[in-house]
Amino acid sequence: MTKDTLYVGLDTDSKHIDVALAEPLPQGEVRYWGQIANEPTSVDRLMRRLQKNARQLVVCYEAGPCGYGLYRQLNGMAGVTCQVVAPSMTPRRPGDRVKTNRRDCLSLAKLLRAAELTAIWVPDETHEAMRDLVRARSAMRGDLNRCRQRLGGFLLRQGIRYPAGKPWTKRHRRWLGRLEFVAATHRLMFAELLDALDQTQARHDRLIDHIRELVPHWSLAWLVDAIQALRGYQLINAVTVAAEIGDPRRFSSPRPLMAFVGTVPSEHSTGDSIRRGGITKTGNGRARKAIIEAAWTYTRPIRAAAPPTHHAPAVRAIAEKARHRLSGRYRRLRARGKLQTVAVTAIARESLGFIWAIAQAAAPEATRQR
């Protein structure tokens, strides 16, 4: 950067933004500018004030609950470049035990000038909306499981057990509707629990219907469709992976994608000592959960040839290769004595390579030029 560049670190919360400035090296001053309201008009006024003498501004703030509105506003201004940085990758001194908004923005400005920050990928507004919808469906699934646990716990305390096998089916729901209780309090409580279960189930089903309706009009609809060629991926898992990861082609190879999802082994090595541990579990946990759920399907043997699909021949070839390779690798890992969970995680990590390859093969011609 030139001497006309000013580095700006922002520490945001719901009401205020603390601002720090760093002049270019060498011997550039780092100073606390002050605090402004977290409002578009205040941010716009600040940027115009800092851009005196046509200075170029490089701005950063940490990813958090305030979202990407500030990022989009700043990048829409002439002469301003903004990046959102990963808080988990921000260098911190182990002995520094004081944390304030003022110190944080000063640290961000200094690290931004030194190019020591890691910028995250920011989705566009349409992609973010789809991701919010997918996450709402996931949260509703958690609410549904809690409703089932409350209802199951109530029945267990009353000594009532479902006699006909697998619960939470339509047959099980009809059985619940026929239950009767002697105590009026128990009748009222059971009715409330049952009503909460039905309402949550209905909301969960509506969210799935919304996803199914909106995915065909999404810019990554081609990726969702292509991922479903792989074993273990249906609509929800495929759209979750696409919404959380984005276009896999933004990664130069499968290895950075595996690191982004947090499926690579951790390591603490020094000298001749090499120590590798479990997976790092960094990055996007929702995508990691989706691919591991899909990887469990490879624990079952291949019983028949894969059914024909509407996918392109290149996509079908990659899916067929993944079907045989991942199933075979799971069996080999188990034969070597690996725990089932360890083997499944290894399969999930390797499946990301096939997702990356499928994205390369299935991408529309209009999006191949990046």
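The values are calculated or read from the model by the stated rules, or taken from the named source; none is laboratory data. Being a predicted model, the structure only gives us computed values, none of them experimental. We place every Cβ from the backbone using ideal geometry, glycine too, and count neighbours over all the protein chains shown. Heavy atoms of the whole protein, side chains included, go into the accessibility calculation; ligands, DNA and RNA do not. Shrake-Rupley method; radii C 1.70, N 1.55, O 1.52, S 1.80 Å.
Can you name every residue in the range 1-15 that is farther than 11 Å from CYS66 by Cβ, open to solvent by 10 Å² or more (accessible area, probe 1.4 Å) and either part of a loop (DSSP other than H, G, I, E, B) or modelled with pLDDT under 95 (or both)? Within the range 1-15, MET1, THR2, LYS3, ASP4 qualify. Please determine whether any residue of the range 134-155 is free of Cβ contacts under 8 Å to residues at least 40 places away in the same chain, on the phi < 0 side of the Ramachandran plot, loosely packed, with under 12 Cβ neighbours inside 10 Å and over 31 Å from the mean Cα position of the chain (by Cα). Yes, the conditions are met somewhere in the range 134-155. A single member of ARG187, ARG173, ARG231, ARG203 is surrounded by 12 or more Cβ atoms within 10 Å (Cβ to Cβ) and farther than 21 Å from ARG148 by Cβ, and it is ARG231. Only a single criterion out of (1) loosely packed, with under 15 Cβ neighbours inside 10 Å; (2) modelled with pLDDT under 95 is not satisfied by ARG72, namely (2). Of the candidates ILE274, ILE291, the single residue that is of a type in the set (A, V, I, L, M) and open to solvent by less than 30 Å² (accessible area, probe 1.4 Å) is ILE291.
Do the conditions hold for VAL43, that is, is it assigned to a strand (DSSP E or B) and either within 25 Å of VAL122 (Cβ to Cβ) or open to solvent by less than 80 Å² (accessible area, probe 1.4 Å) (or both)? Against the criterion (assigned to a strand (DSSP E or B) and either within 25 Å of VAL122 (Cβ to Cβ) or open to solvent by less than 80 Å² (accessible area, probe 1.4 Å) (or both)), VAL43 does not qualify. Return the residues of the range 16-35 that are within 31 Å of the chain's Cα centre (by Cα), of a type outside the set (D, E, K, R) and open to solvent by less than 50 Å² (accessible area, probe 1.4 Å); say none if nothing qualifies. Matches in the range 16-35: ILE17, VAL19, ALA20.
Would you confirm whether any residue within the range 97-116 is over 27 Å from the mean Cα position of the chain (by Cα), assigned to a helix (DSSP H, G or I), of a type in the set (D, E, K, R) and surrounded by fewer than 13 Cβ atoms within 10 Å (Cβ to Cβ)? No; the residues of the range 97-116 include none that is over 27 Å from the mean Cα position of the chain (by Cα), assigned to a helix (DSSP H, G or I), of a type in the set (D, E, K, R) and surrounded by fewer than 13 Cβ atoms within 10 Å (Cβ to Cβ).
Please indicate, with yes or no, whether at least one residue in the range 77-84 is hydrophobic (A, V, I, L, M, F, W, C) and in a helix (DSSP H, G or I). Scanning the range 77-84, I find no residue that is hydrophobic (A, V, I, L, M, F, W, C) and in a helix (DSSP H, G or I), so the answer is no.
The rows are residues; the columns are (1) of a type outside the set (A, V, I, L, M, F, W, C); (2) touching a residue at least 12 places away in the same chain (Cβ under 8 Å); (3) not in a helix (DSSP H, G or I).
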{"position": "TYR233", "(1), (2), (3)": "yes, yes, yes"}
{"position": "ASN237", "(1), (2), (3)": "yes, yes, no"}
{"position": "ALA242", "(1), (2), (3)": "no, yes, no"}
{"position": "SER252", "(1), (2), (3)": "yes, no, yes"}
{"position": "ARG255", "(1), (2), (3)": "yes, no, no"}
{"position": "PHE260", "(1), (2), (3)": "no, yes, no"}
{"position": "THR263", "(1), (2), (3)": "yes, yes, yes"}
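Within the range 61-76, being of a type outside the set (Gly, Ala, Ser) and either part of a helix (DSSP H, G or I) or within 11 Å of ALA86 (Cβ to Cβ) (or both) holds for GLU62, LEU70, TYR71, ARG72, GLN73, LEU74, ASN75. Report yes if LEU57 is closer than 29 Å to GLY283 by Cα, surrounded by 12 or more Cβ atoms within 10 Å (Cβ to Cβ) and among the hydrophobic types (A, V, I, L, M, F, W, C), otherwise no. In short, yes. Counting only helices (runs of 4 or more DSSP H) that fall entirely inside the range 134-229 and contain at least 2 residues that are under 30 Å from ASP247 (Cα atoms), the qualifying elements are 184-214, 221-227. Looking across THR299, THR341, THR309, one residue alone is among the hydroxyl-bearing types (Ser, Thr, Tyr), exposed (fewer than 15 other Cβ atoms within 10 Å of the Cβ) and in contact (Cβ under 8 Å) with a residue 60 or more places away in the chain. It is THR309.
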